[in-house]
1. For G195, list long-range residues whose amide hydrogen, built 1.01 Å from N in the peptide plane, is under 5 Å from its own amide hydrogen.
2. Going highest first, how would you order 53-60, 159-166 by mean Cβ packing within 10 Å?
3. Assigning unit charges at the beta carbon (Lys, Arg +1; Asp, Glu -1) and nothing else, what dipole magnitude in debye, to the nearest 20, does the chain show about its Cα centre?
4. Which aspartates and glutamates, on any chain, are close to K56 with Cα under 19 Å apart, when same-chain ones fewer than 8 places away are left out?
5. Are there chymotrypsin sites (Phe, Trp or Tyr not before Pro) in segment 11-83 that DSSP marks as loop and that have at most 15 other Cβ atoms within 10 Å, and which are they?
6. Sorting check: for 8-14, 167-173, 189-195, which peptide has the highest mean count of neighbouring beta carbons within 10 Å, and how do the rest follow?
Amino acid sequence: METAELANLIKSRRSVRAWQNQPVPEETLVQAIELATWAPNGGNRQPWFFYAVVNKGTISAVADAVQSTARYVATWPEAAPLGEMVNTMAQRAGGFRSAPALIGVAVKKYQSPMDQVFAAREKTDPRAAQMRQGERAVSSRIQTVSSAIAYLLLVLHQMGLGATWMTGPLQAKTEIEQVLGVPADMDLVAIIPVGYPAETPTRDRKPVSEVCKVIR
């Protein structure tokens, strides 16, 4: 693939939230996931796990859990200053139930050897505590699984599918994990509705001059 072709693939990908009523073949989802597992990852631990859901009842159960939690949040007095916006968000929370497929992404819980060293050292060394605080800000396992999700979204786009990376529904993390059967030693970190696009979003990006500094 030429750089120009890759650039076109990357720049034409968008988050899709409306899908055609057309099933997505299981083998297509599994192929996309297999390619995503070639993403860079910390220590080559490959701590990720993917749940490819094509069962409409399961997708609806996940959407119900998210919508129920969103409605609960909307009843909080603390949410009142948001006005009608919070009610609108609650109504839309389960909007992905129309997706023909859903991919749940989980990552294994682990503590690296250096994490253990810092945890022991920070009790008596303020500098070590400061260093560990910086390390916590850039979680290795979240970076790892995020790289796989980025690969996954690009592959799905190349396959003609539309998807969106969702973390908002994780307000119902416990309930979704129960629906999907996520084991206790893993954390669900994202859900990705997938289907053949029924929309063509066109939102652009900031110019690179606004987000890049070349240090010479």
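No lab work stands behind these numbers, since they all come straight from the coordinates. These figures come from a predicted structure and were not determined experimentally. Cβ placement follows ideal geometry from the backbone for every residue including glycine, while neighbour counts extend to all protein chains displayed.
1. Amide H neighbours of G195: G162.
2. Working: 53-60: 15.5, 159-166: 18.9.
Descending packing order for the listed peptides: 159-166, 53-60.
3. Numbers: 23 positive and 19 negative charges, 121 e Å.
Roughly 580 debye, rounded to the nearest 20.
4. Cα-Cα hits under 19 Å: E26, E27, D64, E175, E177.
5. On the way: sites: W19, W38, W48, F49, F50, Y51, Y72; in loops: W38.
Taking segment 11-83 and a limit of 15 other Cβ atoms within 10 Å, the loop chymotrypsin sites (Phe, Trp or Tyr not before Pro) found are W38.
6. On the way: 8-14: 13.0, 167-173: 17.7, 189-195: 23.7.
The peptides rank, most packed first, as 189-195, 167-173, 8-14.
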